[in-house]
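A.B. asks: This structure is in structure tokens; I'll ask about it shortly.
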Amino acid sequence: MYVKIQEAAFDVGAQINAFSQRHSKMGAIATFTGIVRDNDDETLKAMEIEHYPGMAEKAISEIVQSAVERWSLGDALVIHRFGTLAPGEIIMMVATAAVHRKDAFEAAEFLMDYLKSRAPFWKKEITKEGVTWVPSKQNDEDALDRW
Amino acid sequence: MYVKIQEAAFDVGAQINAFSQRHSKMGAIATFTGIVRDNDDETLKAMEIEHYPGMAEKAISEIVQSAVERWSLGDALVIHRFGTLAPGEIIMMVATAAVHRKDAFEAAEFLMDYLKSRAPFWKKEITKEGVTWVPSKQNDEDALDRW
Amino acid sequence: MKVLYFAWLRERIGLSAEDVETSAETIKELVHELSSRAPRYEAAFSDLSAVRCALDQNLVPFDTPLGDAREVAFFPPMTGG
Amino acid sequence: MKVLYFAWLRERIGLSAEDVETSAETIKELVHELSSRAPRYEAAFSDLSAVRCALDQNLVPFDTPLGDAREVAFFPPMTGG
């Protein structure tokens, strides 16, 4: 299990290659990468990501632990950034390794659903028009009902 | 849309980085990587992958096209190898780019489910005990019912 | 105990952390104490349905007893990922 | 027309491709013609539930008319991914 909360950018490809190599006895690697997306009007200047140091690591480690227990996972990895990011920059990634693809996919989706509304991060959009805290979405909350 | 059938090994990380960069206006990238997995007795010497040249590209392109139409996908990528592979080697990968994570995940799972039983590839396992064509699995066929 | 505020609660209250002496038994009681201190606290806590809280870094409901917790945090619904 | 065989069908028949002159109207009729040629064809096609076929690189059922297709292929259920 690898959980990292960091301000620095990271190389998703290198992380996935290293993760796959560590788990080459598994047959299936699923990954998800989140990117700062510009808004529809293309006015986003930056996204500020605030987090609760300590609790972020703890909450994510617990989420990962429950995924490893619930699915037949060889391993899982989560990297989540904080600080000021520009549109197009990578915010976070998850990776899961399993013998079967269904376990790898489901666990990755589960991790993403929990990260969205249970990991202590908050996003603030800085646009040409002003500054807004990104509201939580009801469908992110509803997504947890699946699990 | 990028579909490639090739004998040569490829760098999954580099592919994912390039794909993410091309689609940095999307917020969500999901990927799956399939690795040649040793059997439980650890006797696998090699996996031979036979394919139907021409039809493989065509069938996969059609599968990808239907995924792009069915979900709100920015793009999708499939690379699938043929030839003789050793345990631990990467066989194939898919990547999907979407605005929302649910589309990216579902389309990637859909692509994998279809590749498993609708793309003209056949696997032969060469173990210390002998040579066996890998039988198709009923649960791979059943997985298509979801879509 | 240590009280932490994040995101718009931090901005509205004007503090990211403070040490608070309290005899409150639950988080809810602590919120009432804080709200009575100054209008900026009252404004931040005016709609608790928009606020989440953690006790010693565990997400908990507002009626949770403070017990001997060392740290309580208030923040809006999380938007990670 | 061109007839292709893959995987264990290729091995059992001992050919990966051949040109076949046929007056068969459907794939099924072509299978019967081939099966009557030699025991190795008969063995390969003995259980059609274990065989799939493609006409001009499209997966189709056995009762599909050959029409003016140029290529028919026989193979076991696919195991890609």
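A.B. asks: Check B:Ala67, B:Ala56 and return the single one that is farther than 24 Å from A:Ile16 by Cβ and either part of a helix (DSSP H, G or I) or charged (D, E, K, R) (or both). Let's see the steps before the verdict.
C.D. replies: Values: B:Ala67 fails: farther than 24 Å from A:Ile16 by Cβ.
Result: B:Ala56 is the single residue among B:Ala67, B:Ala56 that is farther than 24 Å from A:Ile16 by Cβ and either part of a helix (DSSP H, G or I) or charged (D, E, K, R) (or both).
A.B. asks: Any chance you could count how many residues in the range C:1-45 are under 12 Å from the mean Cα position of the chain (by Cα) and hydroxyl-bearing (Ser, Thr, Tyr)?
C.D. replies: Count: 5.
A.B. asks: OK, next. Which of the residues that make up the range D:1-17 are on the phi > 0 side of the Ramachandran plot and surrounded by 18 or more Cβ atoms within 10 Å (Cβ to Cβ)?
C.D. replies: Passing the criteria: only D:Ala7.
A.B. asks: Something else now. Here are some conditions: (1) within 14 Å of A:Thr31 (Cα to Cα); (2) basic (Lys, Arg); (3) more than 8 Å from every other protein chain (Cβ to nearest Cβ). B:Arg81 meets all but one. Which one does it not meet?
C.D. replies: Unmet for B:Arg81, out of (1) within 14 Å of A:Thr31 (Cα to Cα); (2) basic (Lys, Arg); (3) more than 8 Å from every other protein chain (Cβ to nearest Cβ): (1).
A.B. asks: Mind checking which residues of the range D:18-29 are part of a strand (DSSP E or B) and surrounded by 14 or more Cβ atoms within 10 Å (Cβ to Cβ)?
C.D. replies: We begin by selecting, within the range D:18-29, every residue part of a strand (DSSP E or B); these are D:18-19, D:26.
Listed by number, the list holds a single entry, D:Thr26.
A.B. asks: Further question on the same structure: Being within 17 Å of the chain's Cα centre (by Cα), surrounded by 15 or more Cβ atoms within 10 Å (Cβ to Cβ) and more than 7 Å from every other protein chain (Cβ to nearest Cβ) is the requirement here; does A:Ile16 meet it? Walk me through how you get there before you give the answer.
C.D. replies: Values: within 17 Å of the chain's Cα centre (by Cα): yes; surrounded by 15 or more Cβ atoms within 10 Å (Cβ to Cβ): yes; more than 7 Å from every other protein chain (Cβ to nearest Cβ): no.
For A:Ile16, the condition - within 17 Å of the chain's Cα centre (by Cα), surrounded by 15 or more Cβ atoms within 10 Å (Cβ to Cβ) and more than 7 Å from every other protein chain (Cβ to nearest Cβ) - is not met.
A.B. asks: Limited to the range C:39-81, what total is found for residues that are in a loop (DSSP other than H, G, I, E, B), over 18 Å from A:Glu50 (Cα atoms) and β-branched (Val, Ile, Thr)? Before the answer, list the steps.
C.D. replies: Step one: filter the range C:39-81 for residues in a loop (DSSP other than H, G, I, E, B), giving C:45-47, C:51, C:56-57, C:61-64, C:66-70, C:76-81.
Of the ones still in play, those that are also over 18 Å from A:Glu50 (Cα atoms) are C:45-47, C:56, C:61-64, C:66-70.
Of the ones still in play, those that are also β-branched (Val, Ile, Thr) are C:64.
Residues flagged as in a loop (DSSP other than H, G, I, E, B), over 18 Å from A:Glu50 (Cα atoms) and β-branched (Val, Ile, Thr) within the range C:39-81 amount to 1.
A.B. asks: Continuing with the same structure: In the range C:34-81, what count of residues is obtained for those that are of a type in the set (D, E, K, R) and touching a residue at least 12 places away in the same chain (Cβ under 8 Å)?
C.D. replies: Going residue by residue through the range C:34-81, those that are of a type in the set (D, E, K, R) are C:37, C:40, C:42, C:47, C:52, C:56, C:63, C:68, C:70-71.
From the residues that got through so far, the ones that are touching a residue at least 12 places away in the same chain (Cβ under 8 Å) too are C:40, C:52, C:56, C:63, C:70-71.
So the count comes out to 6.
A.B. asks: Let me ask another. Of all residues in the range D:40-57 being within 14 Å of chain B (Cβ to nearest Cβ) and of a type in the set (D, E, K, R), which is farthest from D:Ala17 (Cα to Cα)? Full working, then the answer.
C.D. replies: Quick first cut of the range D:40-57, residues within 14 Å of chain B (Cβ to nearest Cβ) only: D:44, D:47, D:49-57.
Now drop any that are not of a type in the set (D, E, K, R), which leaves D:47, D:52, D:56.
Values: D:Asp47: 20, D:Arg52: 16, D:Asp56: 14 Å.
The extreme case among them is D:Asp47.
A.B. asks: Which residues, taken from the range B:19-60, are over 14 Å from the mean Cα position of the chain (by Cα), acidic (Asp, Glu), modelled with pLDDT of 95 or more and crowded, with 18+ Cβ neighbours inside 10 Å?
C.D. replies: B:Glu50
A.B. asks: For the structure I just gave you, tell me whether A:Lys102 is of a type in the set (Lys, Arg), surrounded by fewer than 23 Cβ atoms within 10 Å (Cβ to Cβ) and over 23 Å from B:Ala30 (Cβ atoms).
C.D. replies: Numbers: of a type in the set (Lys, Arg): yes; surrounded by fewer than 23 Cβ atoms within 10 Å (Cβ to Cβ): yes; over 23 Å from B:Ala30 (Cβ atoms): no.
No: the conditions fail for A:Lys102.
A.B. asks: Follow-up. Condition check: over 19 Å from C:Met78 (Cβ atoms) and touching a residue at least 60 places away in the same chain (Cβ under 8 Å). Does A:Ser20 satisfy that?
C.D. replies: Values: over 19 Å from C:Met78 (Cβ atoms): yes; touching a residue at least 60 places away in the same chain (Cβ under 8 Å): yes.
Taking the combined requirement at face value, the residue satisfies it.
A.B. asks: Condition first: more than 11 Å from chain D (Cβ to nearest Cβ) and of a type outside the set (S, T, N, Q). Now tell me which residues in the range B:124-147 satisfy that. Walk me through how you get there before you give the answer.
C.D. replies: Our first condition is that a residue be more than 11 Å from chain D (Cβ to nearest Cβ); within the range B:124-147, this holds for B:126-130, B:139, B:142, B:144-147.
Across the range B:124-147, the qualifying residues are B:Ile126, B:Lys128, B:Glu129, B:Gly130, B:Asp142, B:Leu144, B:Asp145, B:Arg146, B:Trp147.
A.B. asks: Right, another one. Would a scan of the range D:26-39 turn up a residue that is in contact with a Pro (Cβ under 6 Å, 6 or more places away or on another chain), farther than 19 Å from B:Ile60 by Cβ and away from chain B (no Cβ under 11 Å)?
C.D. replies: Yes: one or more hits.
A.B. asks: A further question on this structure: Taking B:Asp75 and the conditions (1) buried (at least 18 other Cβ atoms within 10 Å of the Cβ); (2) outside any helix (DSSP H, G or I), which numbered condition does it fall short on, given that it satisfies the others?
C.D. replies: Of everything listed in (1) buried (at least 18 other Cβ atoms within 10 Å of the Cβ); (2) outside any helix (DSSP H, G or I), B:Asp75 misses just condition (1).
A.B. asks: Report the residue count in the range A:92-123 for those that are more than 7 Å from every other protein chain (Cβ to nearest Cβ), assigned to a loop (DSSP other than H, G, I, E, B) and closer than 21 Å to C:Met78 by Cα.
C.D. replies: Here the count works out to 0.
A.B. asks: Okay, moving on. Taking B:Ile49 as the residue in question, decide whether it is in a helix (DSSP H, G or I), under 17 Å from D:Thr79 (Cβ atoms) and more than 8 Å from every other protein chain (Cβ to nearest Cβ).
C.D. replies: Numbers: in a helix (DSSP H, G or I): no; under 17 Å from D:Thr79 (Cβ atoms): yes; more than 8 Å from every other protein chain (Cβ to nearest Cβ): yes.
Spelling it out, it is not the case that B:Ile49 is in a helix (DSSP H, G or I), under 17 Å from D:Thr79 (Cβ atoms) and more than 8 Å from every other protein chain (Cβ to nearest Cβ).
Each row is one residue, and each column tells you yes or no for (1) modelled with pLDDT of 95 or more; (2) under 15 Å from the mean Cα position of the chain (by Cα).
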| site | (1), (2) |
| --- | --- |
| A:Ser66 | no, no |
| A:Met92 | yes, yes |
| A:Phe110 | yes, yes |
| A:Phe121 | yes, yes |
| A:Asp140 | no, yes |
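The values are calculated or read from the model by the stated rules, or taken from the named source; none is laboratory data. Only a predicted model underlies this, so the values are computations on that prediction, with no experimental measurement involved. Note: ideal-geometry Cβ built from the backbone for every residue, glycine included; neighbour counts use all protein chains shown.
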